[in-house]
Amino acid sequence: MPKVTLSVQRFTPGTDQAPRFEAHEVEVGPSASILDALFAVQRGAAPDLAFRFSCRVGMCGSCAMVVNGREQLTCSTLVRTVGTTLRIEPLRNLPVVRDLAVDLAPFFDAYQRALPHFIPKDDLADFHRFPHAEAEWQALNHQPQCIDCGACYSSCTLVTMHPRYLGPMALHRALALIVDPRDKAQAERMEAVAGEAGVFRCHTLGNCRDVCPRGISPTASINRLKRLALAKHVRTFFTRLLGRQT
């Protein structure tokens, strides 16, 4: 079996003064994932190595890490697609709990500020039909479902510079609800995402799009939110202007 060298970040807050890297050489099979290689390290020389995982089939998002400088879902990324030398770090922009495990609280706090929960209109029936040929259906956000892995948040340089920035995942979710005609909190949600910590902070670098394991483009969602927010501001401006003239 081929051998792989993993340089793994180790750090325990409150105990270690600074992060350090440990090098481990392990044997892996031809179809081994990066997560499999980490398990090999944990079974061998570093049984106390901390990292997160759950489903191991690319659906839960728990095992996202930075591999050779790029955010990856380690359970669905094969070692052979990256190389025989791997530098593995925890996600960026989030506090480290230990080694490769991070505290996702800031990530989900930003998500909550975008009002991510569906709030049905008072007159909404049990079933709301969306004929595919009609504008309502076409206006919905048809991108894949997010798995909350945090890769986009880690890759976002705006989050690094402005920790209060809502981040790609929260804004992507906000768009899905803002364009949903069944939701009654669209105005409040638009106010949240168009504020100082919202969409107009984005520089459209596309890092979030490039690292998403689901093929989602939060960049496209953010650009659409910008257009919707500008249209709302223009409508409000002319409504007030015409109101004053009459």
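The values are calculated or read from the model by the stated rules, or taken from the named source; none is laboratory data. This structure is a prediction, so every number in the text was calculated from the model and none was measured. Neighbour counts run over all protein chains shown; Cβ positions are idealised from the backbone, glycine included. Please note that ligands, DNA and RNA were not included when accessible areas were found on the heavy atoms of the full protein model with its side chains. Shrake-Rupley method; radii C 1.70, N 1.55, O 1.52, S 1.80 Å.
Answer yes if at least one residue in region 218-239 is at pLDDT 90 or above, under 30 Å from Thr77 (Cα atoms) and not in a helix (DSSP H, G or I), and no otherwise.
No: zero hits.
Select from region 66-76 the residues that are out of contact with any Gly (no Cβ under 9 Å at 6 or more places or on another chain) and assigned to a loop (DSSP other than H, G, I, E, B) and write down the one among them that is least open to solvent (accessible area, probe 1.4 Å).
Looking at residues that are out of contact with any Gly (no Cβ under 9 Å at 6 or more places or on another chain) and assigned to a loop (DSSP other than H, G, I, E, B), I get Thr74.
So how many residues does region 77-118 have that are touching a helix residue (DSSP H, G or I) at 6+ places or on another chain (Cβ under 9 Å), open to solvent by less than 40 Å² (accessible area, probe 1.4 Å) and in a loop (DSSP other than H, G, I, E, B)?
Number satisfying all stated conditions: 7.
Hey, can you tell me all the residues within region 197-213 that are of a type outside the set (Asp, Glu), open to solvent by 20 Å² or more (accessible area, probe 1.4 Å), at negative phi and out of contact with any strand residue (DSSP E or B) (no Cβ under 6 Å at 6 or more places or on another chain)?
Ala197, Phe200, Arg201, Cys202, His203, Leu205, Asn207, Arg209, Cys212
Give me a count of the residues in region 211-246 that are small (Gly, Ala, Ser) and in contact (Cβ under 8 Å) with a residue 40 or more places away in the chain.
Final tally of qualifying residues: 4.
Which condition does Thr219 not pass, out of (1) hydroxyl-bearing (Ser, Thr, Tyr); (2) more than 24 Å from Cys63 (Cα to Cα); (3) open to solvent by less than 50 Å² (accessible area, probe 1.4 Å), if it passes all the others?
(2)
Just to be sure I understand the filter: pairs with C-beta atoms under 9 Å, separated by 6 or more residues or on different chains, first member in region 110-127 and farther than 20 Å from Pro168 by Cβ and touching a residue at least 40 places away in the same chain (Cβ under 8 Å), second member open to solvent by 90 Å² or more (accessible area, probe 1.4 Å) and part of a loop (DSSP other than H, G, I, E, B). Which pairs pass?
So the pair list comes out as Ile119/Lys184; Pro120/Lys184; Lys121/Lys184; Asp122/Lys184; Leu124/Lys184.
Inside region 8-42, can you point out the residues that are open to solvent by 30 Å² or more (accessible area, probe 1.4 Å) and touching a residue at least 60 places away in the same chain (Cβ under 8 Å)?
Passing the criteria: Phe11, Thr12, Pro13, Pro19, Phe21.
What number of residues within region 136-167 are farther than 19 Å from Met190 by Cβ and either open to solvent by 60 Å² or more (accessible area, probe 1.4 Å) or part of a helix (DSSP H, G or I) (or both)?
So the count comes out to 16.
Does region 45-64 hold any residues that are touching a residue at least 12 places away in the same chain (Cβ under 8 Å) and over 19 Å from Val26 (Cα atoms), and which are they?
Listed by number, the residues that qualify are Arg52, Phe53, Cys55, Arg56, Val57, Gly58, Met59, Cys60, Gly61, Ser62, Cys63, Ala64.
Whether any residue in region 50-65 is modelled with pLDDT of 95 or more and outside any loop (DSSP other than H, G, I, E, B) is what I want to check.
Scanning region 50-65 turns up at least one residue that is modelled with pLDDT of 95 or more and outside any loop (DSSP other than H, G, I, E, B).
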